[in-house]
1. When you look at LEU291, is it touching a residue at least 24 places away in the same chain (Cβ under 8 Å) and on the phi < 0 side of the Ramachandran plot, yes or no?
2. Just the residues that are within 19 Å of the chain's Cα centre (by Cα), small (Gly, Ala, Ser) and surrounded by fewer than 24 Cβ atoms within 10 Å (Cβ to Cβ), please, taken from segment 43-64.
3. Could you check segment 117-151 and list, in sequence order, the residues that are in a helix (DSSP H, G or I), of a type in the set (S, T, N, Q) and in contact with a Leu (Cβ under 7 Å, 6 or more places away or on another chain)?
4. Out of everything in segment 136-150 that is closer than 23 Å to LEU317 by Cα and surrounded by 22 or more Cβ atoms within 10 Å (Cβ to Cβ), what residue ends up being nearest to the chain's Cα centre (by Cα)?
5. Got at least one residue in segment 401-410 being at pLDDT 75 or above and not hydroxyl-bearing (Ser, Thr, Tyr)?
6. Being under 29 Å from ILE52 (Cα atoms) and modelled with pLDDT under 90 is true for just one of GLY366, GLY355. Which residue is that?
Amino acid sequence: MLASINVVDNIDRAAFVTLAPDIRRSFGLSQAAMTGIAGISSILVVLAALPIAVLADRGSRLRIAGLAAAFWSVLTLLTGLAATAVQLTAARIVSGLGQAAIEPVHGSLLTDYYAPEQRGRAFSLHQFGLPLAGILGPAVAGAIGAVAGWRWAFLAVAPVGLVFALMVRGLREPARGSAGAAVTTAQVPAVRVPWREGMRTLLAIPSLRNIYLAIGMLGFGLVGAPVIISDHLQSALGLDSLARGAVLAFGGLGMLVGLVLGGTAADRLYRRDPSLSLYVAGAGLAAFTVLGAVALHVPWTWLVLVLLTASQLGSGLVVAPIRQVVAGVSPAHLSALAFAMLGIFILLFGGFLGGVLLGALADAYGAPLALTALTLPGTAAALLVARAAHHTTQDLTPNPPRPQPPTPPTPHAPNPPRP
């Protein structure tokens, strides 16, 4: 069910990326404005993620998940009904209130539903929402856009999200820190930790600190790049909305394969040495940035298709190992906050700033150079993941007792004199 909600949310985003040229023409916007709109919703996502995570660490996570899904479904409907650029921007920004709950709330729930050595596949299955949306979203949105116009793509997605929001009520809340043990909401302990203290606790964990920085670097290519790639497919290769949707859908297939491989490898390596799975994530980061940049320098559509698909396969390798380690090293009472900080670093440092900078680079120097610039933060992210792997095993170990100085032997009392 959580995976289904994630699929619908990502279909909304994929539709916006696929139909970006049509939306841009409809409102007379520049590339920088479109990438800014794609990334600016991250502002509210960042602002909402912290209070949502705090609430989720104290109360019913399932209730929050259902309400959030209903909220962004309504905003998806308003996206399709927007009459001006201001209304469009407002709808995309405010939808971040609902989307902000997915990373912290769903991540915390999955951590407690599954044992540590099963979380890799669980997280990869949940993140199927992104590649499935990458397949279904561009294909469906492209087809609807070609036949009925871009607005109807959003009007068709909104009711599906509302249905899944209602179905969440049938799930049961898992016990915190006890994977797979279902209890009623009243039995879930409420641990009230101030959010600043919680963030300090999480950032004091070396592996988490390096993962957050790496994810921030990765975020530069997660929001702005798809919009630039979609526009490049039209301007440089002359692809219409249906053809662009097909190319991006193949990229979704690549990420789907990467998720399956990454989740399976993460669980197997985690049993041997949890740090090994992060090296898979580092290799995926390198492939994602380098192959994505090369794809925009070749003139043949078929080769662009192959390179973009391979690039997305690399991004799929990153997902499960990262979340598996975050789930393992985070304290149970700060689980939602730990996942919220993943989203914060992706969207604030990468999504918003990266979207604006990439859009400006694309307007000034062209899409190929803008994507080539992404190899710098991609390389830095891979190195940071390697540093996180160095600390993972130690961070996963429960706090050991401090060694105590040897206790001096107790002197024997003299034998009492015999009467």
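1. It is false that LEU291 is touching a residue at least 24 places away in the same chain (Cβ under 8 Å) and on the phi < 0 side of the Ramachandran plot.
2. Passing the criteria: only ALA48.
3. Across segment 117-151, the qualifying residue is only SER124.
4. GLY137
5. no
6. GLY355
The values are calculated or read from the model by the stated rules, or taken from the named source; none is laboratory data. No experiment lies behind these values; they were computed from the predicted model shown. Note that each Cβ is placed from the backbone with ideal geometry, even for glycine, and that neighbours are counted across all protein chains shown.
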